[in-house]
Structure formats: C-alpha cells, structure tokens
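Visitor: One structure, pasted below without further comment.
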Amino acid sequence: MTSSPPLPQRYLLGFMVLGLLAGSSNGVAKVVLPLYAASLHASPWQIGLVGGLQFTGMLLLSMPVGGLIDRHGSRPLFRFGGLAGAALYLIGFTHMDRPWQLIAGVVLFGLLNPFRMVATQTEFLHLLPRLGPRKAGWQRASHSLGMFFVGPMLGAQLLGLLGYTGVFVVTGLGLLATVFVGDRVLSGAPPGRGRSATPLLERLRGQVGIILSRRELRQSMLIELCGQMAMSYFAVFVVLIGIREFHLSVPQAATLVTLQGAVFVLTLLLAGGALAPLRDAARYAIAFSLLLATELLLAFPLGVASLWIGAVLLGLGLGVQHLTSVNRFAALTAELGRGRVGGLFSLSGPAGGLIGAVAGGSLGQRFGLFSGFRVLAALYAVLMVWHGRGVLTENAQPVALAEGEPE
C-alpha cells in the first residue's frame, strides 16, 4: 500500500469553512423552524415533525447518494442540493403560513440535504488517512460550530431584528454562499466514473452486505443513532422548555443549544489526542457515563441550572462518543473505499435525529416535554449494562488509520 501525498493546508481550510457555512444555515433552521411552528399554533407532535423530518432525506437517501457519487462525483451533486435548498428558503418558506405547509417544506428540504451533506462527508472520510486520528473530529467540529454555536446565536438575533421571513431570506442567501465556496472546495474531488460505475442497486446491496458482515460497523451505527437521538431531542425541545417552564427569553433559551454545541465542538477539536491511547471500550464507558448523567439531570431538573449543566455534559459526552465512532468509520473507509462507506456514515445519525424529534414530540404531546429525557436516560442505562457485559465493545481496540485507500 503506497502512502498518499501531503494534503494542501489551503484545501483543508476551505473544507472547514464549507462545514462552518453549511452548519450555520442548519443551526439557524434548528432554532427558528420549531419556533415558527409554535407561532403558527402547531401542536407538540407537529413541532416534533418540524424538528425531526429535517433528517428524513438523510435517512432515505444517504446510501443512494453514496452510489450516485461514484457515478457522477461529489461536486455536481453538491451544486444541485445547495441551489435547490436556497431556492426553497427564498421562495418557499417565506410564503408558508400553515403548520402543514411548514412540515411539507421541511420534508422537501430534508430530501435535498443529502446531496450536500453526503458529498462533503464522503470527501472528508476520503482525506482522513492523510490527516491522522487526531484530526478525525475536525469536519464534524466545523459543521457543529456553525450548527450549534454560530447558527442558533445568529438565528435568535436575526429573529428579533428581521422576523421569520427575514430570517428565511438570510438563510437562503447563506446557502447560496455555501454553494460558491463548496464548488471551489470540491473542485479537487475525484470525478465520477460515469457508466463504468457499479450500478446503483448492486451498490446498495453491497452496502447492506457490509452492514451485515462488519460487527464494528453495526456497533458504531447503533451508538451514533442513540447519540443523535439525544442531541436531536435536546435541540428541538430544550428551547421550548426553557421558555415555557423556566421563563427564559428566546435568546437565553437558544443559548442552551449554543452552549451544548460549543462544548461538543471543543471536545472534537481538543480531545482526540487525549483519547487516542485509550481502548474503544474505555472511551465508550466515559461517554455513556456522561450521557446517562446528562439525561437524568434533564429528566428531573431541580432548576434552570440543571439545563445549563446538562447542556455542558451532553456536549462533552457526545464529543467523546463521536470521536470513537468516526475513527472506526474512517478505518473502514480506508479499507473498503470511499463510495461504499460514505453513505453509511451519513445514515445512522439522521435516523437517530428523526426518532429523537418525532418520537420525542409524540411523547411530549402525551406525557410532557420532560418525558423524552426520561426515555433517553433509560436507553443509556441499557447501553451501560450492555457495555459492561461486553456486548458493544468486546475486544475493541483503538483504531489505527491506514495510510491509503483501496481503489
């Protein structure tokens, strides 16, 4: 296996800027869309749909888009998703004034999102063997910095200044800027193989076969799914809880999402070196302990301070968990190829996001908004028991990235 040439730092910087811009647009949406649904007198289950159906497209199309990348390349798919998403914000969301219209718009945007997200995530996994495990969290960190820090803060401020329509216009323009940046960043991505590419159905069967045959992949996907459930429920409903239960202002409540995201990003950027010597089992034990404590704290809050402490612990626990899983995905990418694993990497998180928001909204409708945190606490208690018995991480070792990738 031959070593790959050094990665130009300018290209890597552009990749991080792209993640920041894309994440900021998504972060504005994560705060503003549920609040807009509430302003339209949507019920809790409808608000849950608005928060969760953003993930539907990633769930349905991650694997097919991975196959399309092999045939057409990442760059044209990214252009399509970005331009269509910008048009939807500028023309569609600005004219929606019924909950069902908003839900339909969210579904459509969710179907467009994979063309941007899978393309960028696939190319980053392709680069990881040339970066090393200490930088495994950088792409997710840049995206999360926008989604959970810049985006929520910007969305809350713009909402007070411009109203919902103005926020949608700014978000659409931001998506257009992302297209221009992404077009340059992805200019170095390998072109598609055209008709010589593996047929889509055959590739999908191959991806299913990889899931069935690779235990470490199934484990990582399950753990990422649970983590995204926790993140999604927190992001969708903690703002409403802060406003309704603890009488916080909209900017104050949005800061809870910002704080959780900031801790998550810092963990991804800084903790890779400290965690590298540990076995996967030890890393997951740390993550599950933090996340169980988080969900118990949010499920039975003693005061508003419980929300702030919970936000910090959630960001830290999810960061440790993700650093462990993404190294596993990257090692599989180096072994099996970029097209095969890229779509799978983008699949488990959105599935958890959809379940966390939609199922959480249904629970909130019937049992109150704190019920979702109680279910998540029970879930992480089960994961702790499985982990203790070796079901999840038996014989797990720290992942060592290969230097190159098979053709």
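The values are calculated or read from the model by the stated rules, or taken from the named source; none is laboratory data. Nothing here was measured: the structure is a model prediction, and the numbers come from that model. So basically every Cβ, Gly included, is an ideal-geometry build from the backbone, and we count neighbours across all protein chains shown. All accessible areas refer to the heavy atoms of the entire protein, side chains included, with ligands and DNA or RNA removed. Shrake-Rupley method; radii C 1.70, N 1.55, O 1.52, S 1.80 Å.
Visitor: Which condition breaks for ILE286 when tested against (1) of a type outside the set (Asp, Glu); (2) modelled with pLDDT under 85; (3) over 28 Å from VAL28 (Cα atoms)?
Guide: Tallying (1) of a type outside the set (Asp, Glu); (2) modelled with pLDDT under 85; (3) over 28 Å from VAL28 (Cα atoms), ILE286 fails exactly one: (2).
Visitor: Okay, next question. Are there any pairs with C-beta distances below 7 angstrom linking a residue in segment 355-378 that is modelled with pLDDT of 85 or more to a residue that is assigned to a loop (DSSP other than H, G, I, E, B) and hydrophobic (A, V, I, L, M, F, W, C), with the two at least 6 apart or on different chains, and if so which?
Guide: Matching pairs, first to second residue: none at all.
Visitor: Is it fair to say ALA253 is buried (at least 21 other Cβ atoms within 10 Å of the Cβ) and free of Cβ contacts under 8 Å to residues at least 24 places away in the same chain? Show your work before the answer.
Guide: Working: buried (at least 21 other Cβ atoms within 10 Å of the Cβ): yes; free of Cβ contacts under 8 Å to residues at least 24 places away in the same chain: yes.
So ALA253 passes the test.
Visitor: Further question on the same structure: Any residue in segment 95-102 that is open to solvent by less than 20 Å² (accessible area, probe 1.4 Å) and either touching a Pro at 6+ places or on another chain (Cβ under 7 Å) or assigned to a helix (DSSP H, G or I) (or both)?
Guide: Yes, because at least one residue in segment 95-102 is open to solvent by less than 20 Å² (accessible area, probe 1.4 Å) and either touching a Pro at 6+ places or on another chain (Cβ under 7 Å) or assigned to a helix (DSSP H, G or I) (or both).
Visitor: Look through GLU245, GLU216, GLU295 and report the one residue that is of a type in the set (D, E, K, R), surrounded by 20 or more Cβ atoms within 10 Å (Cβ to Cβ) and either in contact with a Gly (Cβ under 9 Å, 6 or more places away or on another chain) or part of a helix (DSSP H, G or I) (or both).
Guide: Details: GLU245 fails: surrounded by 20 or more Cβ atoms within 10 Å (Cβ to Cβ); GLU216 fails: surrounded by 20 or more Cβ atoms within 10 Å (Cβ to Cβ).
Matching residue, one of GLU245, GLU216, GLU295: GLU295.
Visitor: Name the pairs whose Cβ atoms lie under 9 Å apart, with the first residue in segment 16-31 and assigned by the TED database to the domain that holds TYR89, the second among the basic types (Lys, Arg), and 6 or more positions between them or separate chains?
Guide: LEU18/ARG184; GLY19/ARG140; ALA22/ARG116
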